[in-house]
Amino acid sequence: MTTESVQEGPGVFPEERRERLMRLVNQHRRLATDELAHMLGASLATVRRDTRALEREGKIRRTHGGVMSVGTAVEDAPDEEPLFSEKRRANLEEKKRIAAVAAELVPDYSTVIIDSGTTALALAQRLAGRPLMLITMDLKVAEAAARGPTEVWLLGGRVRNGLFSLVGAWADGMLRGIHADIFFLSADAIDAEAVTNSTVDEAELKKVALARAKKRVAIADHTKFNHRKLVSVCTLDAIDVLVTDEPARALVAPYESRFAQILYA
């Protein structure tokens, strides 16, 4: 998926913009509304009007927080990023077990960066109420962690609609000024070569977080292994600890020696 944008001038007609929108949706099969707005150089309100009009004409399908090409189902688009509501329902018990093991790696009074995503959310729920400074680029993670003595800092930036993560120059700038004890990295995919992500903006922010933490912990369930997404985040030897679920053991076996430590939940 690309974050390339086309700045829309005052002379662009709605028909021209909608034609370009349709081409993008057909090319990528699935896009979040905010990503479409960025690509088109148009406002979110304009893109929403256009997608409603195109759906009425039967040319695209609207979903919660995004759009899909006609005839594309979620399972038919494995290289595209599912929305938060879809991710949250998947492998919930595995994510809870991973979160329980990951939480044991965090001493009280630590400064912790938690990535975006539903496994990260499960971890935030586990850490909530402990005496920690917790920094995140995810609205849902921040909401879950803001309990009792847990001090939560939410990075600024552009919200990815339907996903609730924050990206962009503001988030990047804030993160570069932070010194953290531990960063919990969520992964869209992991294979023998690298941890990869679906979007450029999120991948770049993850790279900054990796550089700002003393300890780097990847959290991922078994469905994330032996796949590759668009953008490389880091090589496997950049990870200090991988926390995953028991079904991942056989999947990771061919390259488990590339990780410094693996904990199975």
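The values are calculated or read from the model by the stated rules, or taken from the named source; none is laboratory data. All values reported here derive from a predicted model rather than from experimental measurement. Virtual Cβ from ideal backbone geometry, glycine too; neighbours counted across all protein chains shown.
Of note:
- Among the residues of segment 149-177, those identified as assigned to a strand (DSSP E or B) and farther than 21 Å from Met133 by Cβ are Arg158, Val159, Val167.
- Selection within segment 148-177 - small (Gly, Ala, Ser) and buried (at least 21 other Cβ atoms within 10 Å of the Cβ): Ser165, Ala171
- Test result for Thr119, within 16 Å of the chain's Cα centre (by Cα), crowded, with 24+ Cβ neighbours inside 10 Å, more than 14 Å from Trp153 (Cα to Cα) and modelled with pLDDT of 90 or more: yes
- Answer from Lys224, Lys229 - the residue that is closer than 24 Å to Ala144 by Cα, at pLDDT below 95 and in contact with a helix residue (DSSP H, G or I) (Cβ under 9 Å, 6 or more places away or on another chain): Lys224
- Filter pass, Ala238 being farther than 28 Å from Leu31 by Cβ and modelled with pLDDT of 95 or more: yes
- Looking only at segment 58-75, and only at residues there that are surrounded by 16 or more Cβ atoms within 10 Å (Cβ to Cβ) and closer than 18 Å to Phe164 by Cα, the one that is modelled with the lowest pLDDT: Gly65
- Number of the exception - Glu151 against (1) touching a residue at least 40 places away in the same chain (Cβ under 8 Å); (2) more than 29 Å from His222 (Cβ to Cβ); (3) of a type in the set (Asp, Glu): (1)
- Lone qualifier among Leu31, Leu21 - being buried (at least 19 other Cβ atoms within 10 Å of the Cβ), out of contact with any Lys or Arg (no Cβ under 9 Å at 6 or more places or on another chain), within 18 Å of Ile60 (Cβ to Cβ) and modelled with pLDDT of 90 or more: Leu21
- Residues of segment 138-148 that turn out to be among the aliphatic types (A, V, I, L, M) and in a loop (DSSP other than H, G, I, E, B), as a count: 1
- Single residue of segment 178-191 satisfying the filter (acidic (Asp, Glu) and either part of a loop (DSSP other than H, G, I, E, B) or buried (at least 21 other Cβ atoms within 10 Å of the Cβ) (or both)) that is modelled with the highest pLDDT: Asp191
- Identity of the residue in segment 14-63, assigned to a helix (DSSP H, G or I) and among the hydroxyl-bearing types (Ser, Thr, Tyr), that ends up nearest to Gly157 (Cα to Cα): Thr33
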